[in-house]
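Below is one structure; the comments refer to it alone.
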Amino acid sequence: MMMMMQRAVIASSNLRHCGAIFALQNGLLFILYLVLLILLLIESINGLCKEGLLSEASMLLKKMEESGCSPDGFTYNIIAQGFLRNNETSRALQHLHEMVEKGFSANAATVAMLMHLSDNSGPNQSVLEMLHKSM
């Protein structure tokens with residue numbers, strides 16, 4: 001009888017262990033799903049910017065934020081570059097200011113585009129201040 005009770009305790013322990021592993025696997029799968037969803041959103045914003053569909057990219061960025069998924073520096077740089085490529089400087093600067101306020105910095109490609117913009121029209125004080133804050 002004692003042996004049967006020991007086996008029952010061991011089986012119960014193993015079952016709890018299996019349940020914990022299953023819960024961990026489900027949690028990891030959920031995290032993986034979220035990461036893939038975020039990457040898909042970022043890549044969608046990038047594609048929309050490259051196609052010049054900037055309003056759609058901005059709407060997707062806004063929906064991303066409303067869903068509780070805050071954009072990172074990479075995402076802000078993508079959208080700012082899209083606006084800069086399409087000569088929408090004021091909207092690019094809006095996104096860059098927001099990016100800097102959230103603690104992110106312009107990457108090398110964005111800085112190069114901003115410097116090129118300054119070269120064409122003389123130094124833009126707003127651009128220079130934003131770059132200084134992001135460094």
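The values are calculated or read from the model by the stated rules, or taken from the named source; none is laboratory data. Not measured: the values here are computed from a predicted model. All Cβ positions, glycine included, derive from the backbone under ideal geometry; neighbour counts span all protein chains shown.
Quick look at the values:
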{"read-out": "Cross-chain or 6+ apart pairs with Cβ under 8 Å, the stretch 61-77 first and touching a residue at least 12 places away in the same chain (Cβ under 8 Å), then of a type in the set (A, V, I, L, M) and assigned to a loop (DSSP other than H, G, I, E, B)", "value": "N77/A106"}
{"read-out": "Single residue of the stretch 61-99 satisfying the filter (aromatic (F, W, Y) and within 16 Å of L40 (Cα to Cα)) that is surrounded by the fewest Cβ atoms within 10 Å (Cβ to Cβ)", "value": "F74"}
{"read-out": "Exclusive hit being assigned to a helix (DSSP H, G or I), modelled with pLDDT of 70 or more and surrounded by 11 or more Cβ atoms within 10 Å (Cβ to Cβ), set L29, L48", "value": "L48"}
{"read-out": "Residue within the stretch 77-89 that is outside any helix (DSSP H, G or I), more than 19 Å from M115 (Cα to Cα) and either in contact with a Pro (Cβ under 9 Å, 6 or more places away or on another chain) or of a type outside the set (K, R) (or both) present", "value": "no"}
